[in-house]
1. Take the conditions surrounded by 12 or more Cβ atoms within 10 Å (Cβ to Cβ) and more than 16 Å from A:Ser121 (Cβ to Cβ) and apply them to A:Ile46. Does it pass?
2. Within 13 Å of chain A (Cβ to nearest Cβ) and either of a type in the set (D, E, K, R) or out of contact with any helix residue (DSSP H, G or I) (no Cβ under 9 Å at 6 or more places or on another chain) (or both): which single residue out of B:Glu95, B:Glu115 fits that description?
3. So, in region A:25-43, of the ones that are closer than 30 Å to A:Trp75 by Cβ and in contact with a helix residue (DSSP H, G or I) (Cβ under 6 Å, 6 or more places away or on another chain), which residue ends up surrounded by the most Cβ atoms within 10 Å (Cβ to Cβ)?
4. Just one of the numbered conditions (1) touching a residue at least 40 places away in the same chain (Cβ under 8 Å); (2) under 14 Å from B:Leu54 (Cβ atoms); (3) away from every other protein chain (no Cβ under 13 Å) is not true of B:Tyr146; which one?
5. Out of B:Leu54, B:Leu60, B:Leu79, which single residue is in contact with a Gly (Cβ under 8 Å, 6 or more places away or on another chain), farther than 21 Å from A:Leu88 by Cα and outside any loop (DSSP other than H, G, I, E, B)?
6. Pairs needed: first member in region B:85-97, closer than 19 Å to B:Asp131 by Cα; second member anywhere, among the aliphatic types (A, V, I, L, M) and surrounded by 11 or more Cβ atoms within 10 Å (Cβ to Cβ); C-beta distance under 6 Å; at least 6 residues apart or different chains.
7. Any residue in region B:96-105 that is farther than 24 Å from A:Glu87 by Cβ and not in a helix (DSSP H, G or I)?
8. Identify all residues within region A:88-112 that are touching a residue at least 24 places away in the same chain (Cβ under 8 Å), more than 22 Å from B:Ile132 (Cβ to Cβ) and surrounded by fewer than 18 Cβ atoms within 10 Å (Cβ to Cβ); write none if there are none.
Amino acid sequence: MKIIKIIALVLLVAFVGIQFIPTTRNQSDTVPSTDFMLVNNVPETIQKKLQISCYDCHSNNTQYPWYNKIQPAAWILEDHIKEGKAELNFNEWDSLSSRRKSSKLRSIIKQIESGEMPLDSYTLIHTDAKFSETEAEEVINFITQLKDSL
Amino acid sequence: MKNLKMSIVAILLLAVSFTNAQEKEKMNHDHGDMKMDHSKMTTMKSDVKAEVILSDYFNLKDALVGDDTKKAAQAGSKLVASLKAFDAGSYSKEEKEELADIIEDAIEHAEHISESAIDHQREHFKTLSKDITDLVAITGTKSTLYEQFCPMYDKGSAWLSTSNEVKNPYYGSKMLKCGKVQKTIQ
């Protein structure tokens, strides 16, 4: 019994302790002129869907959830955002060459098709980020058109 | 015992390459007029680092033909390294830009291939093949390549091979013979 108490105490201290470790926040007031929405003629419904489902991790501006400042959740978020932006940053879209754009668009299509993105851990809380079948079709059609027009 | 075998193999390899070199020399002696063409071709149309990239690409292709995810992943990692080692120093400014673009894109696909399951590897192999084809169009190569095409995979997909016999890397054993040679690159 005593051991359990000690373990619980240690865990509590650790939990409180890690709250003091700072994380970098992914937030920006400006949308650069290279943004995907600004350089492409994106229909409004698709804009909205991409904003909700993709931009949190694939742009310079995250709409943080309520638990964003609590560790270790903040770390996981930070990590996902870092990885997401390295793979694709919608804000910097137009700085890519056509070859790179084509590759990225292909990946976007495959990721949505296979349901790999958005991540399950993300849609667990952001239920509105999930793609319904019609939404997926709509977005994939648009992205395919865009890819063919490159 | 193993060592002995290895050395025998090494000696044999050496011997083969020696006789090969000698034969080439002989050929050049025999046909004095052909010699010029030869040297011209090698200086203009061969880039050692591009050849390494190609050889890694073909290892990857063969692994996919053999449905071997693990081998494909290893070949992918090797390809990442050889792509990173590429040096565009001797090309024109325009070519340099294009090459940098191709290499950057190809590295990303090779990286994905090095860490994915076979379906995913094949998806990336498609775009990678396009990159490598564009690369060869600039660097040239000393060997004859065949651009092959399978109309079934993902609305039609191409790849490169050193043999004109079709072995499909997108389907492997499932549909090994699907496809045809659509272009010979020399």
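1. So A:Ile46 passes the test.
2. B:Glu115
3. Of everything passing the filter in region A:25-43, A:Phe36 is surrounded by the most Cβ atoms within 10 Å (Cβ to Cβ).
4. The failed condition is (1).
5. Testing whether each residue is in contact with a Gly (Cβ under 8 Å, 6 or more places away or on another chain), farther than 21 Å from A:Leu88 by Cα and outside any loop (DSSP other than H, G, I, E, B) leaves just B:Leu60.
6. Close Cβ pairs satisfying both conditions: B:Phe86/B:Ile103; B:Ala88/B:Leu99; B:Glu95/B:Ile138; B:Lys96/B:Ala88.
7. No, that holds for no residue.
8. A:Glu92, A:Asp94, A:Ser95
The values are calculated or read from the model by the stated rules, or taken from the named source; none is laboratory data. The model shown is predicted, which means the values in this text are computed figures rather than measured ones. Note that we place each Cβ from the backbone using ideal geometry, even for glycine, and neighbour counts take in every protein chain shown.
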